[in-house]
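A short write-up of the structure that comes next.
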Amino acid sequence: MPLTGIRVLDFGRYIAGPYCAALLADYGADVIRIEAPGGNDDRFTVPVAEDGSGAMFMQMARGKRSLSLKPGTPEGREIVRKLVAGADVVIANLPHDVLGKLGLDYESLSAINPRIILATASAFGSEGPLSGSVGFDAVGQAMSGTVHLTGTPDQPYRAQVNYVDFGTALHCAFGVMVALRERERTGRGQCVSGSLLGTALAFSNALTIDHAINGIERQPMGNRSFSSAPTDLFRTRDGWIVTQIVGGAIFARWAALVGRPELVDDPRYASDIDRGDNGAELSAIMQRWCIERSTEAAIAEMGAARVPAAPILKPGEALAHPQVAAMGLIEPLAYPGSPAPAPVIRAPIGLSDAAKATARRAPQAGEHSDAILAELGYDAASISALRAQRII
């Protein structure tokens, strides 16, 4: 496996740090999740198991080992020092002042191990008027311009999925791989820094470039798109579908499908941006076509015409879709005290000449503490003493 032999210390919380570490674990890295005795708060979001471990944790902590530890104590600091001395990567999406207090800032880590790579993620980065402020995914969404353009003029909406957190994790994982490659050349580690605001602005950059150059203040328009049409959600006889009609060729196929081939020569619909500007009329045409059909029939007809469309699925329906099964994305992982295996989806990429690591469930709090400490040279008596003091 590509990352076999790489040891990662995961001090991450919630998504941005832990998902970065999980991606590395998927391809063979030995990831040690370090959390407080009994578990961190992010372990218990939306509980699904008897010990309170939650749905998000099942995804974020897959393939990791758990070391329960109080890193702020003198004994805990010594354990962290020993871990860092033999590690390759430290992941910590913690505020900058907290990193310093715990000795997890890059200066402290590199003094122990010059080859260490530190991956951090914060809300706003380390410079500027908001650098000391904290924030979660929705803060990045709101400050990137996308919330303003989502919903209606009377009510903006944030996305339910934390795409800014996940995107920051992906950027950090990319940064870690770049830093590992650079370390092969120089022998030195470095700090990889990501931010929620940076990710959100990167994802929405086309919108901000449009405003900067064209000077147009786009307004929310529900589920329509300002740059294509008919891109929208439509009610069928028994549900909903989405279409995304982009490009002249697809628009022509769509027009023929709905019995309106003359629309191709209408100057109001000459380009994607023209169609977006006049999208309300195109959505109305599509809605009349959809309401006469079931979801299954509408999707089948559009598929035959090679027009992009999909049914609007509930979460339970999403995993049950035959295409998901055909792609082999779901890996059921049984967790102690959970009534059913968690349908975990690991890194949804494949390498032609390298397999993922064997799928392993998320760990219970402190499940691997004894083994990890033994690897650091602690004997059974020392480990018992640390446990008695609630250091681990």
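The values are calculated or read from the model by the stated rules, or taken from the named source; none is laboratory data. Keep in mind that this is a model prediction, so the values were computed, not measured. Neighbour counts are summed over all protein chains in view; Cβ atoms, including those assigned to glycine, are modelled from backbone coordinates with ideal geometry.
Summary of computed values
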{"read-out": "Only listed residue being part of a strand (DSSP E or B) and in contact (Cβ under 8 Å) with a residue 40 or more places away in the chain, chosen from 13, 43, 65", "value": "65"}
{"read-out": "Residue identified as buried (at least 18 other Cβ atoms within 10 Å of the Cβ), in contact with a Gly (Cβ under 7 Å, 6 or more places away or on another chain), in the same structural domain as residue 14 (by TED's automatic domain parsing) and modelled with pLDDT of 95 or more among 176, 164, 139, 147", "value": "164"}
{"read-out": "One residue from 69, 99, 83, 109 being touching an Asp or Glu at 6+ places or on another chain (Cβ under 8 Å) and either at pLDDT 95 or above or small (Gly, Ala, Ser) (or both)", "value": "69"}
{"read-out": "Matching residues in the range 233-280 - criterion: being in a loop (DSSP other than H, G, I, E, B), touching a helix residue (DSSP H, G or I) at 6+ places or on another chain (Cβ under 8 Å) and more than 20 Å from residue 299 (Cα to Cα)", "value": "271, 278"}
{"read-out": "Filtered residues of the range 22-40 (kept if closer than 26 Å to residue 355 by Cβ and either at pLDDT below 95 or outside any loop (DSSP other than H, G, I, E, B) (or both))", "value": "22, 23, 24, 25, 26, 30, 31, 32, 33"}
{"read-out": "Meets criteria (part of a helix (DSSP H, G or I), farther than 29 Å from residue 74 by Cβ and touching a strand residue (DSSP E or B) at 6+ places or on another chain (Cβ under 6 Å)) for residue 211", "value": "no"}
{"read-out": "So residue 120, is it out of contact with any strand residue (DSSP E or B) (no Cβ under 6 Å at 6 or more places or on another chain), buried (at least 21 other Cβ atoms within 10 Å of the Cβ), in contact (Cβ under 8 Å) with a residue 40 or more places away in the chain and not in a helix (DSSP H, G or I)", "value": "no"}
{"read-out": "Search result, residues across the range 154-194 that are polar (S, T, N, Q), in a strand (DSSP E or B) and closer than 26 Å to residue 88 by Cα", "value": "193"}
